[in-house]
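The block underneath contains the structure these notes are about, expressed in structure tokens.
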Amino acid sequence: MKKIMLAAALYLGLLGTGPDAFAQMTGKGEGEIRKVDKDASKITIKHGPIEAMDMPGMTMVFQVKDPGLLDRAKVGETVNFTVTKDSGAMVLTSVEPKK
């Protein structure tokens, strides 16, 4: 009986999340680093459109999982970057100076 109740609760919980909750999207963009917050593990980038994610240009704060990205990022630098939407959070996975 407990297994049935658990399965029903899980099923009902998943119904409310929608398909986007489990989607993991990745896109590439270009922009200017505006702020590096090492304590919060975040980088703010003013970027152009990210086509693969249907995202217009804007200034946005991204989470960073790899602390090495924070050390290499410089305010004012124009960069190419890769971002992933992971469980609803926008996470930078790469940041490289534009050549």
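What follows is calculated from the coordinates using simple rules that are stated; it is not laboratory data. Note that the structure is a prediction, hence the values are computed from the model and not measured. No Cβ is skipped: glycine too gets one built from the backbone with ideal geometry, and neighbour counts run over all protein chains shown.
Assorted remarks:
- For region 32-99, the mean projected area of the C-alpha convex hull, equal to one quarter of the hull surface, is 4.3 nm².
- Radius 10 Å from Cβ of THR44, net charge of other residues (Lys, Arg +1; Asp, Glu -1): +2
- Antiparallel beta bridges, as assigned by DSSP with both residues in region 20-97, represent about 95 percent of the total such bridges.
- Relative contact order [Cα under 8 Å, 6+ residues apart], region 20-97, whole percent: 35
- Across LYS38/LYS98; LYS42/LYS99; LYS28/LYS85; LYS38/LYS99; LYS65/LYS99, pairs whose alpha-carbon gap is larger than 19 Å: LYS38/LYS98; LYS42/LYS99; LYS38/LYS99; LYS65/LYS99
- Under 13 Å from the LYS85 label point (7 Å along Cα→beta-carbon), backbone N, region 51-77: 51-56
- Extension gain from ASP71 to MET53, taking 0.36 nm per residue of separation minus the Cα-Cα distance: 3.8 nm
- Local electrostatic count, ILE33, Cβ distance below 12 Å [Lys/Arg +1, Asp/Glu -1]: +2
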